[in-house]
Amino acid sequence: MDSQSSAETPSSSWLVHQWIVAGIVSAASRFVPVPFVDDLLQDRCRRFTVERTLKAHDRGQDLERYRTFFGSDTGCAGGCLAWAARAPLKLVLFPIRKLVRVVTSVRGVPLEITRMVLLGRTLDRCLSRESEWDVPRIRRMRAAFEEAFARMDFHALQAAMKDVLRGVSGWKDAAIDLARRMESREQPEEEIESSPEVERSADGISALLDLPESRALFSEFDRRFDLAMERLDRQAT
């Protein structure tokens, strides 16, 4: 697949919609006033995005190989030990972190949604070009993604997305409620069944991402990702 919108593939309209809803829920997790739940929900939303994208390519069985995109890939023991070591400090800093995340939500919410969509889109593009990715290349894929994302200017898209969300009354409360329902489930979701408010928000964002300006911005991200991936692949050989 080239650098054009992944919406050109037959199944992707539904898939992109799911990425957007996952992004909205992940962004809303910053408003949940419970320690550790925000991080857990963000990881769960990213896992959902990765899992749905893999299944769209008939690669659902490979989810664990792509763990670097949604959690620790050091294994259960290593991940649990790292979490236990950080937990006391995170608990102490929780009120400050939560305040900062709420104060910066005007920028952070659209950015998290954009990040989730680009995560799914990038994985979709990579799987369309190559069906088999080994773990070292998957890690390089994640590194290339982070590099490209950090160098992009999303201010115009963030402002437009903020306007979309402002036009949907009650989206935040609905997204928080959905986030809490997701957190209470033991098994990951096959599909995020969201409220009308979240659906209207997702539809508005989907229309925004289909504009020429958004397509051009995402194509530029694709270009930067591809360049970073080529460089990292060369360094690994």
Area of Thr237 that stays accessible when all protein chains are in place (1.4 Å probe, Å², to 10): 150
1.4 Å probe accessible area per residue over segment 117-237, in Å²: 52
Theoretical FRET efficiency, 1/(1+(r/R0)^6), r = Cβ-Cβ of Asp210 and Lys55, R0 22 Å, to 0.05: 0.40
Cβ charges +1 (Lys, Arg) and -1 (Asp, Glu), total dipole of segment 108-154, debye: 60
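The values are calculated or read from the model by the stated rules, or taken from the named source; none is laboratory data. This structure is a prediction, so every number in the text was calculated from the model and none was measured. Here the Cβ is made from the backbone with ideal geometry for all residues, glycine too, and neighbour counts use every protein chain on show. For the accessible areas, the whole protein counts, side chains as well, though only heavy atoms, and no ligand, DNA or RNA atoms are used. Shrake-Rupley method; radii C 1.70, N 1.55, O 1.52, S 1.80 Å.
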